[in-house]
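Undergrad: Provided herewith is a single structure, encoded as structure tokens, for subsequent inquiry.
The values are calculated or read from the model by the stated rules, or taken from the named source; none is laboratory data. All values reported here derive from a predicted model rather than from experimental measurement. So basically every Cβ, Gly included, is an ideal-geometry build from the backbone, and we count neighbours across all protein chains shown.
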Amino acid sequence: MIECFSCKGMYPESNGPTHSYMKSSQGCWQIYGEILAREYSDVAYWKNHRLTVDAYAAQHPGVESAQSIQSVAVHLMSLYFVIEEGRPHDVATQLIKKATKQKFYWLQPPINLGGVNATIVWASKNAKEHNNQVELWARSVWKAWEEHHEIIKKWVKEVENT
């Protein structure tokens, strides 16, 4: 097992690829892909797909670059929208589409990006457990970014008003 340097989860050793700007261990990226495959292949696992993508992206911010800045910003805005505002996932997706047309700035990632990571979702035994674990993971990641919550809320308001 190898620790992911971003989320601190323990993942099987892998020689596979990683994402170009969401930095993770190879095993972490592989497990995330398996989680996505599960969600895409069975509608029962799809319920919290929006949160799966947002949690992973915000927990693996990479280094400061134009792509990383936009990615972290829009995925944190989506987490806020769903978790704090209780908005539907499809509305959060529409918010992301609008937000990608705007420029944001780098938010220094917290040292601890959340105590929960993709490993709990991957280990789920059924769809109900999977969806519950995704929500737990997303809430953990959102909380980890707490020092930036006011900025994220401000950005959401700005995007909504455009």
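Undergrad: Touching a residue at least 12 places away in the same chain (Cβ under 8 Å) and touching an Asp or Glu at 6+ places or on another chain (Cβ under 7 Å): is that true of His75 in this structure? Even if it seems obvious, please write down each step before you answer.
TA: Values: touching a residue at least 12 places away in the same chain (Cβ under 8 Å): yes; touching an Asp or Glu at 6+ places or on another chain (Cβ under 7 Å): yes.
Here the answer is yes, as His75 does meet what is asked.
Undergrad: Sticking with this one: Of all residues in the range 1-29, which are part of a helix (DSSP H, G or I) and either among the charged types (D, E, K, R) or buried (at least 21 other Cβ atoms within 10 Å of the Cβ) (or both)?
TA: Going residue by residue through the range 1-29, those that are part of a helix (DSSP H, G or I) are 26-29.
Within the range 1-29, Gly27, Cys28, Trp29 qualify.
Each row is one residue, and each column tells you yes or no for (1) over 20 Å from Ser65 (Cα atoms); (2) not hydrophobic (A, V, I, L, M, F, W, C).
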| site | (1), (2) |
| --- | --- |
| Phe81 | yes, no |
| Asp90 | yes, yes |
| Gly114 | yes, yes |
| Asn117 | yes, yes |
| His148 | no, yes |
| Ile152 | no, no |
| Val159 | yes, no |
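Undergrad: To continue, here is another question. Can you work out which of the residues in the range 59-79 that are outside any helix (DSSP H, G or I) and small (Gly, Ala, Ser) is surrounded by the fewest Cβ atoms within 10 Å (Cβ to Cβ)? Walk me through it before giving the result.
TA: Looking only at the range 59-79, we keep the residues that are outside any helix (DSSP H, G or I), and these are 60-65.
Still in the running and small (Gly, Ala, Ser): 62, 65.
On the way: Gly62: 19, Ser65: 12.
Checked the range 59-79; the qualifying residue surrounded by the fewest Cβ atoms within 10 Å (Cβ to Cβ) is Ser65.
Undergrad: Look through the range 88-137, keep the residues that are in a loop (DSSP other than H, G, I, E, B) and polar (S, T, N, Q), and return whichever of them is nearest to the chain's Cα centre (by Cα). Talk me through it step by step, then tell me what you get.
TA: Start the filter on the range 88-137 by keeping residues that are in a loop (DSSP other than H, G, I, E, B), which leaves 88, 100-117, 123-126.
The next check asks that each one be polar (S, T, N, Q); those that pass are 100, 102, 108, 112, 117, 124, 126.
Working: Thr100: 16, Gln102: 20, Gln108: 16, Asn112: 14, Asn117: 10, Ser124: 18, Asn126: 21 Å.
Filtering first and then ranking leaves Asn117.
Undergrad: For Asn132, work out the one condition from (1) polar (S, T, N, Q); (2) touching a residue at least 12 places away in the same chain (Cβ under 8 Å); (3) over 22 Å from Trp29 (Cβ atoms) it doesn't fulfil.
TA: Result: Asn132 passes all but (2).
Undergrad: Pull up the range 149-162, narrow it to residues that are in contact (Cβ under 8 Å) with a residue 24 or more places away in the chain and surrounded by fewer than 19 Cβ atoms within 10 Å (Cβ to Cβ), then point me to the one that is farthest from Ile83 (Cα to Cα). Spell out how you get there, then give the answer.
TA: Of the residues in the range 149-162, the ones in contact (Cβ under 8 Å) with a residue 24 or more places away in the chain are 149, 151-153, 155-156, 158-160, 162.
From what is left, the residues that are surrounded by fewer than 19 Cβ atoms within 10 Å (Cβ to Cβ) are 149, 151, 153, 158, 160, 162.
Numbers: His149: 12, Ile151: 16, Lys153: 12, Glu158: 19, Glu160: 17, Thr162: 22 Å.
So the residue we want is Thr162.
Undergrad: Continuing with the same structure: Looking at the structure I just gave you, is Arg38 of a type in the set (Lys, Arg), buried (at least 23 other Cβ atoms within 10 Å of the Cβ), in contact with a helix residue (DSSP H, G or I) (Cβ under 8 Å, 6 or more places away or on another chain) and modelled with pLDDT of 95 or more?
TA: Numbers: of a type in the set (Lys, Arg): yes; buried (at least 23 other Cβ atoms within 10 Å of the Cβ): no; in contact with a helix residue (DSSP H, G or I) (Cβ under 8 Å, 6 or more places away or on another chain): yes; modelled with pLDDT of 95 or more: yes.
It is false that Arg38 is of a type in the set (Lys, Arg), buried (at least 23 other Cβ atoms within 10 Å of the Cβ), in contact with a helix residue (DSSP H, G or I) (Cβ under 8 Å, 6 or more places away or on another chain) and modelled with pLDDT of 95 or more.
Undergrad: Surrounded by fewer than 17 Cβ atoms within 10 Å (Cβ to Cβ) and more than 28 Å from Gln30 (Cβ to Cβ), is that true of Glu84?
TA: Yes: the conditions hold for Glu84.
Undergrad: Among the aromatic types (Phe, Trp, Tyr), under 18 Å from Ala99 (Cβ atoms) and either touching a helix residue (DSSP H, G or I) at 6+ places or on another chain (Cβ under 6 Å) or assigned to a helix (DSSP H, G or I) (or both), is that true of Tyr56?
TA: Numbers: among the aromatic types (Phe, Trp, Tyr): yes; under 18 Å from Ala99 (Cβ atoms): yes; either touching a helix residue (DSSP H, G or I) at 6+ places or on another chain (Cβ under 6 Å) or assigned to a helix (DSSP H, G or I) (or both): yes.
Yes; evaluated as a whole, the condition is true for this residue.
Undergrad: Within the group Val121, Val141, Val134, Val116, which residue is crowded, with 20+ Cβ neighbours inside 10 Å and under 13 Å from Leu76 (Cα atoms)?
TA: Working: Val121 fails: under 13 Å from Leu76 (Cα atoms); Val134 fails: under 13 Å from Leu76 (Cα atoms); Val116 fails: under 13 Å from Leu76 (Cα atoms).
Testing whether each residue is crowded, with 20+ Cβ neighbours inside 10 Å and under 13 Å from Leu76 (Cα atoms) leaves just Val141.
Undergrad: Could you figure out which of (1) without any contact (Cβ under 8 Å) to a residue 60 or more places away in the chain; (2) at positive phi; (3) in contact with a Phe, Trp or Tyr (Cβ under 8 Å, 6 or more places away or on another chain) isn't true of Gly114?
TA: In the conditions (1) without any contact (Cβ under 8 Å) to a residue 60 or more places away in the chain; (2) at positive phi; (3) in contact with a Phe, Trp or Tyr (Cβ under 8 Å, 6 or more places away or on another chain), Gly114 misses (1) alone.
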